[in-house]
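**Q** Sending over a structure as structure tokens; questions will come in a sec.
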Amino acid sequence: MKKYDLLIKNGMVHTAVDSFESEIGVSEGKITAMGQNLGHAERVIDAKGMLVLPGGIDAHCHIEQESSTRIMTADDFYSGSVSAAFGGNTTFLPFAAQHRGQRLRDVVDNARERARNKAVIDYGLHLIISDPTQNVLEVELPSLIKEGYTSFKVYMTYEMLKINDGEMLDILALARRHGALTMVHAENNEVINWISERLLQRGYNAPKFHAVSHSPVAESEASRRAIDLARLVDARMLIVHVSEAEAAHSILQARNNELSIYGETCPQYLFLTAKDLDQEGMEGAKYCCSPPPRDKASQEAIWKGLKNGTFQVFSSDHAPYRFDESGKFHAGRDASFNKIANGVPGLETRMPLLFSEGVGKGRITINEFVALTSTNAAKIYGLYPRKGSLVIGSDADIAIWDPKWVRTIKKEMLHDNMDYTPYEGMEVKGWPRVVINRGRMVVEEETLKVDRGSGEFLPRTPAEAGRELPISSPLSPSRNFGAKLL
Ligand code: DUC
Ligand code: ZN
Ligand code: ZN
């Protein structure tokens, strides 16, 4: 009699808190046993020499999404999810993006329809809110939060997306009442516009000036302001894609003051710099994202933040715009820096890059790697313990990593729908060989094994229960305090 559908043997299991030898028994998509000599199974995987990790959760990616200037991302829910899977992910969290004038309900229905027959791994959806009308705040958001859309991103920059401080307070207060989480793109729009105007007046149009216009001061000021607004109404907030030292410092300071402020960073702030934007012709457009890559000192500050508890989440911010008129050059081949589509791809390379440069080079432990790429996102975004760990009862979302697999990143080996990768030519050591989602073999022998549309939508739980979940980091988890204003 076969006891399990699947048994993983001889591997070393690593979670966010522990490393231990254990077999894993899987039945009907769940982990049903862990321990030694578990018995027989329909299918046995010998993971000798491999690392058995929770599947990755990419908590920030833009998939089949129209930008505010109505450019469609190059990846749909099929290519995006396939690419994510080949990079070790079993869950991803793209956005349902509201543009001004749109009903949130329509936006969500549309995103659900786009994902339904395409995603090959499990997915949830964050919202993007650009038009917080009374109806959005009083009717649509409360009911969508109850249905499992428990987090939303707001922008402090981009003309067609940005909200003002009063609107941010409305959203934060609403989020606090309903146990949702506000994610903030923190850059001061006025600062960016002020610098951009002066650059353009002087004829400085090249891609490299994107990094000049998006000054670190724009990011640090907006991050501080956003944190203060959250403090005022005692709301949880996650500052996304942090690129530089001062914003990172503000987050850590807020956390040390027991505010429920979380921080996210991304590969582009560890492995790229503003120098990448400074190339012949328009080549630098490939690296234009916001905030932009900075300098070596900023990279070091971001590495430090991954270690000292500033950042809980490491996401890709995959925003795939091809190097052609459908994407980067939607405003023309010789467009000035402020008209180039913002974003870099990174779903598939996020974890291998951090594994190789972080774990492989001793900057972070394997357990910190698991926390940053999977467990903390599950906790913060209401998916834990179903996702994000390897425990009895959780979904069998497992990535079996070969720590010795050396690969040179090349566009051709990736599975997204992009025509470049910013990490072309980088050598990495360590990549997942087998990726399993709810017990289904998704990737094996460098081949996709599941059907289009076989990923499941994940409604998420609002935070009251999740609010106090300890986040793995050297520093203690934050706890809200302050006036109960609301
Ligand atoms: N910046 C964003 O805010 N979103 C997508 C990509 C980018 O560069
Ligand atoms: Zn953003
Ligand atoms: Zn983004």
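**Q** What are the ³J(HN,Hα) values, in whole Hz, obtained from phi via the Karplus relation 6.51 cos²θ - 1.76 cosθ + 1.60 with θ = phi - 60°, for each residue of segment 377-388 in sequence order, with x given for Gly and Pro?
**A** 3J(HN,Hα) across segment 377-388, in whole Hz: 5, 4, 5, 5, 9, x, 10, 8, x, 4, 10, x.
**Q** If you don't mind, another one. On a straight-distance basis, which lysines could pair with Lys404 in a cross-link, Cα separation under 19 angstrom, same-chain partners fewer than 8 positions away excluded?
**A** Lys9, Lys48, Lys361, Lys429
**Q** A follow-up question, please. Going by amide H atoms built from the backbone, whose H comes under 5 Å of the H on Tyr204, apart from near neighbours?
**A** The list, which skips near neighbours in sequence, is empty: none.
**Q** Given 0.36 nm per residue, what is the gain on full extension from Glu300 to Met160 after removing their alpha carbon distance, in nm?
**A** 47.1 nm
**Q** Given the C-alpha centroids of segment 371-422 and segment 203-279, what is the distance between them in whole angstrom?
**A** 24 Å
**Q** How big is the dipole moment of segment 56-377 about its Cα centre under a simple scheme where the beta carbon of each Lys and Arg is +1, that of each Asp and Glu is -1, and everything else is neutral? Debye, nearest 20, please.
**A** That gives segment 56-377 a dipole magnitude of about 300 debye.
**Q** Using a Förster distance of 60 Å, how high is the FRET efficiency between Ser143 and Met413, based on the Cβ-Cβ distance and rounded to 0.05?
**A** About 0.90, to the nearest 0.05.
**Q** For His99 and Val217 in the same chain, what is the full-extension length gain: residue separation times 0.36 nm, less their Cα-Cα distance, in nm?
**A** 39.7 nm
**Q** What distance in nm separates the simple spin-label points at Lys48 and Gln253, each placed 7 Å from Cα in the Cβ direction?
**A** It is 5.5 nm.
**Q** So, one more: Please check which bits of segment 219-259 a label hung off Asn308 would reach, taking the label as a point 7 Å along Cα-to-C-beta and the cut-off as backbone N under 16 Å.
**A** 243-258
**Q** Which one of Phe314, Ala331, Tyr155 is farthest out on the positive end of the charge dipole of the chain, using unit charges on Cβ (Lys, Arg +1; Asp, Glu -1) and the Cα centre as origin?
**A** Positive-most Cα among the choices belongs to Phe314.
**Q** For the chain, find the longest principal axis of its Cα atoms and tell me its angle to the long axis of helix 216-233, 0 to 90°, nearest 10.
**A** Approximately 70 degrees, to the nearest ten.
**Q** Okay, moving on. What is the set of long-range amide H partners of Lys30 at a cut-off below 5 Å, with H atoms built 1.01 Å from backbone N?
**A** Ala396
**Q** Sticking with this structure for a sec: What residues qualify as long-range amide H neighbours of Leu127, i.e. H under 5 Å apart, gap of 5 or more or another chain, H built at 1.01 Å from N?
**A** Here the answer is Ala96, Ser151, Phe152, Lys153, since their amide H atoms fall under 5 Å of that of Leu127.
**Q** Got a sec to turn the phi values of segment 126-132 into Karplus ³J(HN,Hα) couplings, 6.51 cos²θ - 1.76 cosθ + 1.60 with θ = phi - 60°, whole Hz, x for Gly and Pro?
**A** 7, 9, 10, 10, 10, 9, x
**Q** If you don't mind, there's one more thing I want to ask. Any chance you could give the angle, 0 to 90 degrees and rounded to 10, that helix 296-307 forms with the longest Cα principal axis of the chain?
**A** Once rounded, one gets 40 degrees.
**Q** What is the helix-to-structure angle for 165-178, meaning the angle in degrees between its Cα long axis and the longest Cα principal axis of the chain, kept from 0 to 90 and rounded to the nearest 10?
**A** 30 degrees
**Q** Hey, another quick one. Considering the options Asn367, Val391, Pro345, tell which one lies farthest towards the positive end of the dipole of segment 338-396, charges being +1 on Lys and Arg and -1 on Asp and Glu at the Cβ, about the Cα centre.
**A** Selected residue: Pro345.
**Q** Mean separation of Cα pairs under 8 Å and 6+ residues apart, divided by the residue count of segment 56-377: what relative contact order is that in percent?
**A** 18 percent
**Q** Which whole-Hz couplings ³J(HN,Hα) result when phi for each residue of segment 320-330 is put into the Karplus expression 6.51 cos²θ - 1.76 cosθ + 1.60, θ = phi - 60°, listed in order with x for Gly and Pro?
**A** Whole-Hz 3J(HN,Hα) from phi for segment 320-330: x, 10, 5, 7, 7, 6, 6, x, 3, 9, 4.
**Q** Going by C-beta contacts inside 10 Å, put Phe20, Phe86, Phe314 in order with the fewest on the left.
**A** Details: Phe20 9, Phe86 24, Phe314 31.
With the fewest neighbours first, Phe20, Phe86, Phe314 line up as Phe20, Phe86, Phe314.
**Q** Need the list of lysines near Lys379 for cross-linking: C-alpha distance under 18 angstrom, and skip anything on the same chain fewer than eight residues off.
**A** Filter leaves Lys146, Lys153, Lys387.
Only the coordinates and a few stated rules stand behind these numbers; no lab work does. None of these values were measured; they are calculated from a predicted model. FYI the Cβ positions are ideal-geometry reconstructions off the backbone, even for glycines, and counts take in every protein chain you see.
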